[in-house]
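A quick write-up on the structure given underneath.
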4 protein chains.
Amino acid sequence: MAKSKFEYVKQFEVEDKCLPNCWIVIRVDGKAFHRFTDSHHFVKPNDDRGLTLMTRAAQAVMEEYNDVVLAYGQSDEYTFVFRRNTNVFNRRGSKIMSNVVSLFTSSYVFHWGRYFNTQTMQYPPSFDGRWVLYPTDKNLKDYLSWRQADCHINNLYNTCFWKLVQESGMTPAQAQERLKGTLSSDKNELLYTEFNLNYNHLPELYRKGSVIIRKQDTDIIEKNHLDGNSSLSSSSSFSPRNSVSFGYHIEQTPRISTKIDVLHCDIIGEKFWTDHPHILSFKK
Amino acid sequence: MAKSKFEYVKQFEVEDKCLPNCWIVIRVDGKAFHRFTDSHHFVKPNDDRGLTLMTRAAQAVMEEYNDVVLAYGQSDEYTFVFRRNTNVFNRRGSKIMSNVVSLFTSSYVFHWGRYFNTQTMQYPPSFDGRWVLYPTDKNLKDYLSWRQADCHINNLYNTCFWKLVQESGMTPAQAQERLKGTLSSDKNELLYTEFNLNYNHLPELYRKGSVIIRKQDTDIIEKNHLDGNSSLSSSSSFSPRNSVSFGYHIEQTPRISTKIDVLHCDIIGEKFWTDHPHILSFKK
Amino acid sequence: MAKSKFEYVKQFEVEDKCLPNCWIVIRVDGKAFHRFTDSHHFVKPNDDRGLTLMTRAAQAVMEEYNDVVLAYGQSDEYTFVFRRNTNVFNRRGSKIMSNVVSLFTSSYVFHWGRYFNTQTMQYPPSFDGRWVLYPTDKNLKDYLSWRQADCHINNLYNTCFWKLVQESGMTPAQAQERLKGTLSSDKNELLYTEFNLNYNHLPELYRKGSVIIRKQDTDIIEKNHLDGNSSLSSSSSFSPRNSVSFGYHIEQTPRISTKIDVLHCDIIGEKFWTDHPHILSFKK
Amino acid sequence: MAKSKFEYVKQFEVEDKCLPNCWIVIRVDGKAFHRFTDSHHFVKPNDDRGLTLMTRAAQAVMEEYNDVVLAYGQSDEYTFVFRRNTNVFNRRGSKIMSNVVSLFTSSYVFHWGRYFNTQTMQYPPSFDGRWVLYPTDKNLKDYLSWRQADCHINNLYNTCFWKLVQESGMTPAQAQERLKGTLSSDKNELLYTEFNLNYNHLPELYRKGSVIIRKQDTDIIEKNHLDGNSSLSSSSSFSPRNSVSFGYHIEQTPRISTKIDVLHCDIIGEKFWTDHPHILSFKK
């Protein structure tokens, strides 16, 4: 067979090894999720089912890739942080990223029914992916702060926008016009004065997004069967501990799950990092 | 809000624009599909349901991205060729690739039930992705020839291997030992002598893989409702024309499908390219 | 010795192989040559000594790297085209580029005295370098046309500018103001009307720049000793043939020179390429 | 003019911005310097003229690029470390590297006569260049340690090799054979026993290479005229302080030199970094 005659085309592939000793950050982002959430009647501005499904998909990624030390999600995006010395896939950026975006997507579709029950998926959603390198812990923390600040800004805006539309009967254009040029303080004031809503009393899931970390004590491993909604409903931000661990077990695979925590807390301040010092010093 | 303070982290993102005027080839590849096909009791060496599901997922990619001029699939992999002057996503390699791998994955899980009926998916499968650039038509054709030659070589081997295991009762190790060092001619002989099988009479779907192209006459567009298995069974290599077109229609989306053909034919020889000259000269 | 302990740092080096089957174009460009030409009293707008020294340095690059099929120079820049299938330095872009820019620089300083005689070099000049890939012959020709069009536009402007300054006694600012918004036709007219100069009668060296190609008949190789100014003066655009070949010989090195031609002709039109078909089909 | 028609070719240029917040290391390396040193009768194993000329060229680079915080040279190579937050040339890797390699080369040829006096340069030498990024101070220090360990290993070997050739009358092949498989301790012993030479008494210039740093107190700037050999001879490792500063002044340029030190000391141990803490924290 003339195999060898064609094999030279492999040489056109480009090596894309990530610079060693840098944090590898993968972010997946919903493609055209405005349309997708409209088509599937998501509750606006926040749909608990959609947000927990995102976290369920992120959990699958963390179960599969042990070198992910933290994941952070908000809205239709999720970030995965691989430890700086990971050697997964020989640090090939496109290989790591494509595997993560594929498994995340796959899990999102696979687990859909657990969260949306009778609401059938109309068409397959998709996500794009990218990878970014951060040389220092400071840069990595600033990246995560950037995403959480983005979560806050968007959620505050969206909360106002949908109150104006859903409760004041404004058109989207009118609501947009009403909010143009307002500061955060103006928006807080608007919610309190016009809708009697204290923004800070909203669930932290909405205001802070979701942070998935691995439990520090990895010696104690409990095998749990995946129990879908029940486990995930307890992971909501309304629970007293504001955190919950859930396991993952598949019949055919011997993979033993390491325990993880889902938090909805501030990660901009130093407190988070001093409370969880193992995240940045995680060794395989 | 201290947003601006963190936004500098965006500067760590790297531009990865594909060199202009090159064919952009995206290949998605099943991750650990040995395990996946075992867990889901795929027929060996070829499972029609699995192969047509792959093509169904590839079709979704072609529907979404008009600049894909050809897709080629075999085993657990699929290749998508974007026309050399495409400007999709401003030619950002990781953006194009991640969107393709995500939509492919999503569609594979989404459409699973149509092909595997009562056999439920046990766990979400995933695919990796890569992109490669080819400067000339010759290089692109050689790439596709490389994949089809690979299809042939693997299928011939697998056909022998599974005959020995399934019909001669060998263990996998014995079958492997039996085939070590054999040439293509030896394998053809083995199939004919021991199993009374003429390899060339096997379906072209198995021997050649699947080629998806767009119909040349794009003026005539028929809207078809997706009819799942029935349309796909007719796309099998056993049909007289060895080719079939199927449409794709989603209630909520105004996207009008352009018609495509699924072929199972030789693409190594020049005949394919002279029969379909529009593929390489496709303009938006 | 603790060598092995430190050697891991080599892994931070990045592979930068040029995509196969593409033309590799290296361009070197004078750094702060306004200051350098002022400091060294270059004749404005064109200094024959400076231009021929540039070509002498480019010639050294062509002598050293046999895979350069053409070089094009104008003003303080020079372009080197490596044949599309070159394997020099395993196609590592930064390796090829840095070697070219270094040898070009080195030769410029080394040969300075031959062209500038008693005028001593005041300080070492430098050049930056870059590499660009072109997938097709058309793209490569367009690149070269782009540089020659640039040569024409700048030279027409500079010719006008310096006439106004040197002969009309304008200040640079006045000359600049006078030329603002003028078209090529206006500038031709200005030269003819005010300075009785037919632009098209200026030496092609100034209007077209310099093209270095290899002689087609590479069987006949004559060894010439470098004879500096005399050979280079004969390479000026005033010579009847508008072309001259010169050899290069170094006592200590066994390298046998391949013969080259320096031309000052149009390379935008097709004529150049039909006259020299071997350039694009050059094989090692 | 059909300029616009061709300008699209600029889009084929690739952005190569260095990852922010990483040390940018540029290394230049002599091309075929075995031949060059033979042709120019360099003293083996170390030629003071050649080594100080290298340092003179490196000094020119440090004078031109203020963001170089340290340079390290040995044999025919020199490394330049740009501070991690430099924004020179917008951090474009090939632009920074090509400018450095060009200015280094240019200065090497330009200053040749000062060090080699009557010995004329036979042909222009050249250097290749590369850039490497290091995310942490530790990685940077390890890089520099790697180069200095290399200096030591090569110098010990070369010292033995040339003693055997020059004093014991061995052929190069015999000397190579004699040294095959020997450890550092064996080589030290050989030098002491057979040649009565204590390796540690050799000049640090040979054993440690050359380190160029900027003086910490940049307020006091003295303008010195370059005085060539005399200044450089005082920079040798035999001087009591093992360090010397020299200035650089060019008639035509207003550039005021910042003062630098040339050292020949250990940079593998921590002492160097604690003695010069400003190097790693250098701000513009």
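The values are calculated or read from the model by the stated rules, or taken from the named source; none is laboratory data. These figures come from a predicted structure and were not determined experimentally. No Cβ is skipped: glycine too gets one built from the backbone with ideal geometry, and neighbour counts run over all protein chains shown. Ligands, DNA and RNA are excluded from the accessible area calculation, which covers all protein heavy atoms including side chains. Shrake-Rupley method; radii C 1.70, N 1.55, O 1.52, S 1.80 Å.
Would you point out which residue out of B:T120, B:T136 is within 14 Å of chain C (Cβ to nearest Cβ) and modelled with pLDDT of 95 or more? Result: B:T136 is the single residue among B:T120, B:T136 that is within 14 Å of chain C (Cβ to nearest Cβ) and modelled with pLDDT of 95 or more. For the range D:116-131, the set of residues classified as within 16 Å of the chain's Cα centre (by Cα) and not in a loop (DSSP other than H, G, I, E, B) consists of D:F127, D:D128, D:G129, D:R130, D:W131, listed by residue number. Count of the range B:137-164 residues, restricted to those that are within 17 Å of B:I279 (Cβ to Cβ) and in contact (Cβ under 8 Å) with a residue 40 or more places away in the chain, is 9. Taking D:A58 as the residue in question, decide whether it is within 14 Å of chain C (Cβ to nearest Cβ) and small (G, A, S). Taking the combined requirement at face value, the residue satisfies it. For the range A:1-17, filtered to residues that are in a loop (DSSP other than H, G, I, E, B) and at the interface with chain B (Cβ under 10 Å from one of its Cβ atoms), the residue that is surrounded by the most Cβ atoms within 10 Å (Cβ to Cβ) is A:D16. The number of residues in the range D:110-163 being open to solvent by 20 Å² or more (accessible area, probe 1.4 Å) and among the hydrophobic types (A, V, I, L, M, F, W, C) comes to 7.
Within the range B:38-57, restricting attention to residues that are assigned to a helix (DSSP H, G or I) and open to solvent by less than 20 Å² (accessible area, probe 1.4 Å), the residue that is farthest from B:E77 (Cα to Cα) is B:S39. Of the numbered criteria (1) over 19 Å from C:M97 (Cβ atoms); (2) open to solvent by 10 Å² or more (accessible area, probe 1.4 Å); (3) among the polar types (S, T, N, Q), the one D:N90 fails is (1).
Cβ-Cβ contacts under 7 Å between residues 6 or more apart (or on different chains), taken from a first residue in the range C:103-119 that is within 16 Å of C:D76 (Cα to Cα) and touching a residue at least 60 places away in the same chain (Cβ under 8 Å) to a second residue that is surrounded by fewer than 18 Cβ atoms within 10 Å (Cβ to Cβ) and of a type outside the set (V, I, T), are listed as C:Y115/C:N229. Within the range A:132-164, the set of residues being in a helix (DSSP H, G or I) and among the β-branched types (V, I, T) comprises A:I153, A:T159. Residues in the range C:92-129 that are basic (K, R) and out of contact with any helix residue (DSSP H, G or I) (no Cβ under 7 Å at 6 or more places or on another chain): C:R92 alone. Of the listed requirements (1) of a type in the set (S, T, Y); (2) in contact with a Lys or Arg (Cβ under 9 Å, 6 or more places away or on another chain); (3) closer than 29 Å to A:V88 by Cα; (4) more than 10 Å from every other protein chain (Cβ to nearest Cβ), B:Y115 misses just one: (3). Residues in the range C:182-219 that are open to solvent by 50 Å² or more (accessible area, probe 1.4 Å), in a loop (DSSP other than H, G, I, E, B) and under 27 Å from C:I260 (Cβ atoms): C:K215, C:Q216, C:D217, C:T218, C:D219.
More than 10 Å from chain B (Cβ to nearest Cβ), within 26 Å of A:K163 (Cα to Cα), part of a helix (DSSP H, G or I) and out of contact with any Phe, Trp or Tyr (no Cβ under 8 Å at 6 or more places or on another chain) - does that describe any residue in the range A:86-93? Looking for residues that are more than 10 Å from chain B (Cβ to nearest Cβ), within 26 Å of A:K163 (Cα to Cα), part of a helix (DSSP H, G or I) and out of contact with any Phe, Trp or Tyr (no Cβ under 8 Å at 6 or more places or on another chain), one finds none in the range A:86-93, hence no.
Suppose the filter is open to solvent by 10 Å² or more (accessible area, probe 1.4 Å) and among the β-branched types (V, I, T); does D:T105 pass it? Spelling it out, it is not the case that D:T105 is open to solvent by 10 Å² or more (accessible area, probe 1.4 Å) and among the β-branched types (V, I, T).
So for the range C:65-75 (the condition being open to solvent by less than 50 Å² (accessible area, probe 1.4 Å) and either in a loop (DSSP other than H, G, I, E, B) or within 14 Å of chain B (Cβ to nearest Cβ) (or both)), does at least one residue qualify? Yes: the range C:65-75 contains one or more residues that are open to solvent by less than 50 Å² (accessible area, probe 1.4 Å) and either in a loop (DSSP other than H, G, I, E, B) or within 14 Å of chain B (Cβ to nearest Cβ) (or both). The number of residues in the range C:166-181 being in a helix (DSSP H, G or I) and open to solvent by 100 Å² or more (accessible area, probe 1.4 Å) comes to 3. Selection within the range C:18-51: residues that are of a type in the set (V, I, T) and closer than 22 Å to C:V61 by Cα. The member of this set that is farthest from the other protein chains (Cβ to nearest Cβ) is C:I24.
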